[in-house]
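Worksheet: one structure, shown below.
The values are calculated or read from the model by the stated rules, or taken from the named source; none is laboratory data. Here the structure is a predicted model, which means the values were calculated and not measured. Note: ideal-geometry Cβ built from the backbone for every residue, glycine included; neighbour counts use all protein chains shown. When the accessible area is computed, the model is the full protein with side chains, heavy atoms only, and any ligands, DNA or RNA have been set aside. Shrake-Rupley method; radii C 1.70, N 1.55, O 1.52, S 1.80 Å.
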Amino acid sequence: MNAEFKIDGKIIETERLILRPFRQSDLEDFYNYAKVDGVGEMAGWRHHENRQKTQQILDNFINEDKTFAIFYKKDGKLIGSLGVEKYGKEEVLSEFFDYQGREIGYVLSKDYWGKGIMPEAVTAVINYLFNEQNLDFLLCGYYDFNVQSKRVQEKCGFKPYRKLVMDTRLGTKEQGTLNLLANPNKNITFKFSHPETLIYGN
Ligand SMILES: CC(C)(COP(=O)(O)OP(=O)(O)OC[C@H]1O[C@@H](n2cnc3c(N)ncnc32)[C@H](O)[C@@H]1OP(=O)(O)O)[C@@H](O)C(=O)NCCC(=O)NCCS
């Protein structure tokens, strides 16, 4: 099932990054990366056409308190986001009924791609969720055209779990892959349902 999760003021520091809750003062940096065509589209949302759109999403991030802002220490800029989202189809994925988990999603400013920044952020959040929040599993997905995100998930230890047609916020459908990572501190053996989409362990 979906674990309860709030950032609740938590700050995670890595070698190059600070992960912290979003603030109203992040608007300009957020808009600067969210307005770039072809970034949000890889994650299933349309790039922001104006600051009002960014403001609306920023307000949601602040109210919902489940999306970390990714702050790059070197230049003092807000360069991306990492959400600890609820996973979907909770009521049919019986393998997770007795376990607590969430789904991770992320976006990085195009100016910072290819430096291993997102694997650094995702690894830090995985460690926090498994070692301090005691979650049992995490899911993370990508549309099959998105090899960059596929690589991030591979580098962070996720394993292919299901092949699915996924809805996008653009109203389209895309073939995608959902990945799974079980908490290595626990001895979890999942009894998987729905073999028609399952690829885990194959
Ligand atoms: C996916 C994303 C977060 C990757 O972050 P990152 O910090 O650049 O990740 P990495 O540096 O580990 O690079 C991952 C892969 O991207 C590719 N890549 C590297 N530099 C790149 C560049 N400048 N342009 C395009 N792709 C590049 C490489 O295939 C790399 O894999 P490799 O390290 O095995 O060569 C980033 O590309 C992004 O924000 N994309 C748009 C939003 C998105 O796709 N979100 C995820 C939705 S599931």
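A 1.4 Å probe run over the protein chains yields, for the stretch 12-182, 48 Å² of accessible area per residue, whole-number rounding. Using Cβ point charges alone (K and R +1, D and E -1), the dipole size of the chain about the Cα centre works out to roughly 400 debye.
Overall shape of the chain was characterised from the C-alpha gyration tensor. The equivalent ellipsoid obtained from it has semi-axes of 27, 20, 16 Å, in decreasing order.
Legend: Rg and Dmax of the stretch 1-114, from Cα coordinates, 15.1, 45 Å. Largest accessible area first, the residues 169, 16 order themselves as 169, 16 under a 1.4 Å probe with ligands, DNA and RNA left out. Ranked from largest, the principal axis spans of the Cα set of the stretch 88-202 equal 41, 36, 25 Å. Cα centroid separation, the stretch 21-40 to the stretch 89-120: 19 Å. Listed peptides 142-149, 77-84 appear in the order 77-84, 142-149 once ranked by packing, highest mean of other Cβ atoms within 10 Å at the front. Mean residue ellipticity, 222 nm, helices only, the chain: the sum of -39500 (n - 2.57) across DSSP H runs of n ≥ 4, divided by residue count and rounded to 500, is -6000 deg cm²/dmol.
From the alpha carbon centroid of the stretch 41-86 to that of the stretch 172-196 is 26 Å.
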